[in-house]
Amino acid sequence: MLELRLVQGSLLKKVLESVKDLVTDANFDCSATGFSLQAMDSSHVALVALLLRSEGFEHYRCDRNLSMGMNLNNMSKMLKCAGNDDIITIKADDGSDTVTFMFESPTQDKIADFEMKLMDIDSEHLGIPEAEYHAIVRMPSAEFARICKDLSSIGDTVVISVTKEGVKFSTRGDIGTANIVCRQNTSVDKPEESTIIEMNEPVSLTFALRYMNSFTKATPLANSVTISLSSELPVVVEYKIAEMGYIRFYLAPKIED
Amino acid sequence: VNQQRQITSFFTPG
């Protein structure tokens, strides 16, 4: 028996909107720790890892570990039927091949339940080791989204370089080139508007902008985004989900032949 | 020419 009651139902709606274009089908894993997902895109270039910790739910009952295969497009269709202020409860019985999403309006005058068919998904769970990164950049998520969108109108790839001067996003395409440098900026009053660059050593990596743009669909989840770079690892683009956990996107770099 | 790497060449099942 599984019953997860999320008062801020809009968080789940936003999570779905941020992953449904990257991943088609995925297993949602439910354990005492929380509600989580790990999935790769169909070409195995990007990976998404989501964690919504059990403490973040108003009510969290998960009698035994359960993995529920869902088509994310179908799940998104159902969650779109929930109001932004609705409380969402996810329910499933042991051994059932369906999951139920219950939506309650804040005033309790409207209660809806949507039952969705589950599916068997063969997916490999990858071990993601703890790592030291050469550089970690924290910046406003809207700024990062703007940069990715702007650069993708010029080129297909972005070179992200971190030096002591700042973080540089560069692209080139048929019509020309573009470079955007963001410097560390901690003087602003609001911490979520600051740009913080922690650099152990300079790093420069090339990534497909198509994926970066897809990751920025998570922008509504957090004011800040953290970009962790290492020359030996996929980049990690992380959006913290207030009080609950995170959504992390991993993207393998492009390497010169 | 830049070659796209795959996630599975960095992380292994486990």
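Taken together, the values in this text are just the output of simple stated rules run on the coordinates, not laboratory data. A quick note: this is a predicted structure, and the numbers were derived from the prediction, not measured. Glycine also receives a Cβ, built like all others from the backbone with ideal geometry; neighbour counts cover every protein chain displayed.
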* Structure fact -> Per the 1/(1 + (r/R0)^6) rule, R0 = 25 Å and r from the Cβ atoms of A:Ile111 and A:Asn74, FRET efficiency to 0.05 is 0.70
* Asked: So what does the Cα-only Debye profile of segment A:171-257 read at q = 0.13, 0.18 Å⁻¹, as log10 I(q)/I(0), no solvent term?
  -> -0.53, -1.01
* Specify which residue in the list A:Leu205, A:Cys30, A:Leu52 is farthest towards the positive end of the charge dipole of the protein assembly as shown, using unit charges on the beta carbon of Lys, Arg (+1) and Asp, Glu (-1), about the Cα centre. => A:Leu205
* Structure fact -> With Cα springs under 10 Å, the Gaussian network model of chain A assigns the largest mean-square fluctuation among A:Lys190, A:Lys91, A:Lys117 to A:Lys190
* **Förster radius 30 Å - calculated FRET efficiency between B:Ser9 and A:Arg172, Cβ distance, rounded to 0.05** => 0.70
* To do: Post the alpha-carbon centroid distance, segment A:193-257 to segment A:48-91, in whole angstrom.
  => 24 Å
* Asked: Which aspartates and glutamates, on any chain, are close to A:Lys80 with Cα under 14 Å apart, when same-chain ones fewer than 8 places away are left out?
  -> A:Glu17, A:Glu104, A:Asp113, A:Glu115
* Just need the Rg to Rh number for segment A:210-253, please, alpha carbons only, Kirkwood Rh. => 0.98
* Once Rh is set to the Kirkwood radius over Cα pairs, what Stokes-Einstein translational diffusion coefficient, in µm²/s, holds for segment A:120-227 at a temperature of 37 °C and a viscosity of 0.692 mPa s? -> 218 µm²/s
* Within 10 Å of each residue's Cβ, count the other Cβ atoms and sort A:Asp174, A:Asp85 from fewest upward. => A:Asp174, A:Asp85
* Structure fact -> Expressed in angstrom, Rg and Dmax over the Cα atoms of segment A:58-143 are 17.8, 52
* Asked: Once Rh is set to the Kirkwood radius over Cα pairs, what Stokes-Einstein translational diffusion coefficient, in µm²/s, holds for segment A:129-176 at a temperature of 25 °C and a viscosity of 0.890 mPa s?
  -> 200 µm²/s
* Cα long-axis angle, helix A:141-152 against chain A (0 to 90 degrees, to the nearest 10) -> 60 degrees
* Could you work out which residue, out of A:Asp150, A:Asp120, A:Asp109, moves most in a Gaussian network model of chain A, that is, has the largest mean-square fluctuation with Cα springs under 10 Å? => A:Asp109
* Structure fact -> extent check for segment A:1-95: Cα max minus min per principal axis, descending, whole Å, gives 36, 30, 23
* Structure fact -> Connecting every pair of Cα atoms under 10 Å apart in chain A and solving the GNM, the largest mean-square fluctuation among A:Glu130, A:Glu232, A:Glu55 falls on A:Glu130
* Asked: Using the alpha-carbon atoms, what tilt in degrees (0 to 90, nearest 10) does helix A:10-19 show relative to the longest principal axis of chain A?
  -> 50 degrees
* Structure fact -> Only helices counted: for chain A, with every DSSP H run of 4 or more residues adding -39500 (n - 2.57) and the sum spread over all residues, [θ] at 222 nm is -4000 deg cm²/dmol
* **Convex hull volume of the protein assembly as shown per residue (C-alpha atoms, cubic angstrom)** => 139 Å³
